[in-house]
Amino acid sequence: DSMYLTRVEFPVTYASGTGQPSTPRELPDGALGFFVAPGTATAPTFWRISKAGASSSVAFGGSTTSAMRGDFVILPSGRLVAFVPTGTAVISRFHSTDYGVTWSAGTLLSLGGATYSLCAEYVEDMIVVVIADPTGVSPAEVHVSFDEGYTFAPIDSSVNLPNARTCVTSTGIVLVVDSASGATGVGVRQIAPGGGLGDEILMGATSHADA
């Protein structure tokens, strides 16, 4: 195992709060990959940063706003599968076989009734996508897929999850972290395998959450 730190400057800006980058993931070739919804651009952008500090990016088509950020998962085969807001209430599926250097054409999905920032996780042959209103005004939507993201089934749409982020524990449990209700604390919920959201556990008085 190894850990590396690098500082890379590249010409991208994003809106504070709602436009935050997705959680960086280590790619099979050792680079880091993440999505950004730039405040000065019209589409989400995927960034790769190598261990040597070199950076490259791919912009995804579609007219969006700074609040709309995509995310991706890494399948056991090494293929990347991304879910990207490409328009108002439109989310598309893309895949990459070269670790995010190039991407396929998008396939429209029947996924969610609104388009907000989203988070995605892969665990035990299941992809979980959480589509959340960054402001917390509208309920979040949780969807699962068992066919590598080609089709999804909704499992929960009853809970507000402002600034939602997701992660997978070492035991294969998907957690959703959100900023609860304003400054009342950071909330953590478990997503049951193929099921809905569990009860929320408050983790302290702050309105900023990350997983």
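FYI, it's all coordinate maths here, none of it is from the lab. Everything quoted here is computed from the prediction, not taken from an experiment. Note that each Cβ is placed from the backbone with ideal geometry, even for glycine, and that neighbours are counted across all protein chains shown.
Here are the numbers for this structure:
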read-out: Long-range amide H partners of residue 117 with built H, under 5 Å; value: 69, 132
read-out: Summed side-chain charge close to residue 111 - residues other than residue 111 whose Cβ falls under 9 Å, Lys, Arg +1, Asp, Glu -1; value: 0
read-out: Residues with amide H under 5 Å from that of residue 99, placed H, sequence gap 5 or more; value: 80
read-out: Amide H contacts under 5 Å for residue 111, placed H, 5+ residues apart; value: 91
